[in-house]
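A short worksheet on the structure shown next.
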Amino acid sequence: MSFHKILFLVCLTPWLSGLSAQDVETTQAPDTLRLRLDEAIQIALTENPTVRVADYDVEIKKEARREARAGLLPEASLSASYSRTLKKQTMVMEFGGQSTKIQMGTDNSYSAGLSINLPLFAPALYRSIRLTEADIELAVEKARASRIGMVNEVTKAFYQLLLAQDSYRVLQEAYAQAEANLRIVNERFTLGSVSEYDRIRADVQVRSLKPGLVSAGNGVALAGLQLRVLLGVAGEPIIAARGSLADYESAMKPDQPIAETLENNSDLRQLDLNLELLSHNERLTKANFLPTIGASYSYSYSSMNNDFRIRNYSWYPYSFVALNVNIPLFKASNYPKLRKVRLQMQQLRETRLNAERQLGMLVQNARDKMAAAYEQQASNREGVAQAEKGRLIARKRYEVGMGTILELNDAEVALTQAELAYRQAIYDYLTARADLEKTLGNNDRAHTINQK
């Protein structure tokens, strides 16, 4: 593979287009924010609006529970009314064989009073309260899922950032080495010990590296912007990651012991909570068939007069206590509603079964990727050592006049390719591990793989 093709692949790989920040071993800008992985996760969990929105949803559900529980308390209200009679009611009565007309009522009627209602037995209300409690549990799990997803995104973005920074450093070193080679060739060309072709080839080597280096630098800047969005950091600081991917090599194991139970998987737990929610909804629907009992109390004053001399009015009290019983005999909509809830429960059970199978496949896939990346990393590490040795030999051969500039360039290309592949393997392992932790529901803590 030619050196131009390698640079083309380096500049166009997905991890270089979705990068996360800038932490190259060069002079940092004054407003650079250098972070470790745990620090980035902590900032995201604190500042990212997505997490805060999920927390607000939990508080909203708690208020809904308080609202439902308030239905158990008595309701008290004050009322007052005034009515003006426009046409009085007339009654006709027989007295001694003669009809007599009598007008009933007064021109003005006033009433004011207090009424209190208390539910004594309300099955639907009790089920509604339990329904809101299950809804809170579901909102809490959704908030947990939001945190798990945020940790996964930030973790992978951080690893992408490290990969971008490492790749940028590798290209910087390759560019610096190409410039050094060009200086040596120019000196030897001046002395007449090398041909003009060697000088031209060394110059082309330097110029061909420059576009790739610039593109990699732009990718690092873009990565910093993307990670800053995830972190929810205000202003315009440059986000930089501390360390390099090589710092995580010691954490890579061929078969790391991970509890692969899916009991903490947020998707399955949400399905279980939704099933519980439907179960409560079924009981709520059944409660509509049960009677309700309530008590009420009323105390009021009334006055009826034909004038507006309020001071002279006579007010008469009136009060009562009542027990109200409501027995539902037939309501057609309750029956299809109950059947619908039961069908939804069966549908949700099938959905959970399918989701569990798919999640099991994701776990195995992540495991396979980790194993493959571990083997690649071990092989690529040896490849880097061999490529460094090969470059040294090619340089010595060129210096004594036994080798050509093409051999030296090929050795430089091989070393650059080996170093990039080595870092790519570590990145693949770490991202597969992050996806596995997300699937298992274990990465809602800070992070699972620490730097060396």
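The values are calculated or read from the model by the stated rules, or taken from the named source; none is laboratory data. Since the model is a prediction, treat every value here as computed from it, not as a measurement. So basically every Cβ, Gly included, is an ideal-geometry build from the backbone, and we count neighbours across all protein chains shown. When the accessible area is computed, the model is the full protein with side chains, heavy atoms only, and any ligands, DNA or RNA have been set aside. Shrake-Rupley method; radii C 1.70, N 1.55, O 1.52, S 1.80 Å.
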Surface accessible to a 1.4 Å probe, per residue, for the residues of region 54-191, Å²: 56
Compute the separation of the alpha-carbon centres of region 49-69 and region 188-234 and state it in Å as a whole number. 52
Tell me which label goes with the value of Cα Rg over 2.2 N^0.38 Å computed from the coordinates here: (1) 1.77; (2) 0.95; (3) 0.99. (1)
Calculate what fraction, in whole %, of the accessible area of region 331-395 sits on carbon and sulfur atoms when a 1.4 Å probe is rolled over the protein chains. 53
Return the loop-located trypsin sites (Lys or Arg not before Pro) in region 25-122 (DSSP other than H, G, I, E, B) with at most 16 other Cβ atoms within 10 Å of their own Cβ; answer none if there are none. ARG36, LYS87, LYS88
Long-range amide H partners of ARG242 with built H, under 5 Å: LEU35, ARG36
Loop-only check: which trypsin sites (Lys or Arg not before Pro) in region 261-326 are DSSP coil with at most 10 other Cβ within 10 angstrom? ARG309
Given a 1.4 angstrom probe, what's the average accessible area per residue across region 377-446, in square angstrom? 44
Treating each Cα of region 296-452 as an identical point scatterer and ignoring solvent, apply the Debye formula and state log10 I(q)/I(0) at q = 0.13, 0.14, 0.20 Å⁻¹. -0.89, -0.94, -1.19
If the cut-off is a Cα-Cα distance under 20 Å, which lysines reach LYS286, setting aside same-chain residues fewer than 8 apart in sequence? LYS331, LYS337, LYS340
Tell me, what is the percent relative contact order of region 82-154, built from C-alpha pairs under 8 Å that lie six or more residues apart? 23
When the helices in the chain are scored as -39500 (n - 2.57) per DSSP H run of 4 or longer and the sum is shared across all residues, what 222 nm value do you end up with, to the nearest 500 deg cm²/dmol? -22000 deg cm²/dmol
7 Å from Cα along Cα→Cβ at both THR85 and ILE293: what's the point-to-point distance in nm? 4.2
Can you give the FRET efficiency for GLU399 and GLU179, using 1/(1 + (r/R0)^6), R0 = 30 Å, r = Cβ-Cβ distance, to the nearest 0.05? 0.95
Contact order relative to length of region 381-430, as percent, for alpha carbon pairs under 8 angstrom and 6 or more apart: 44
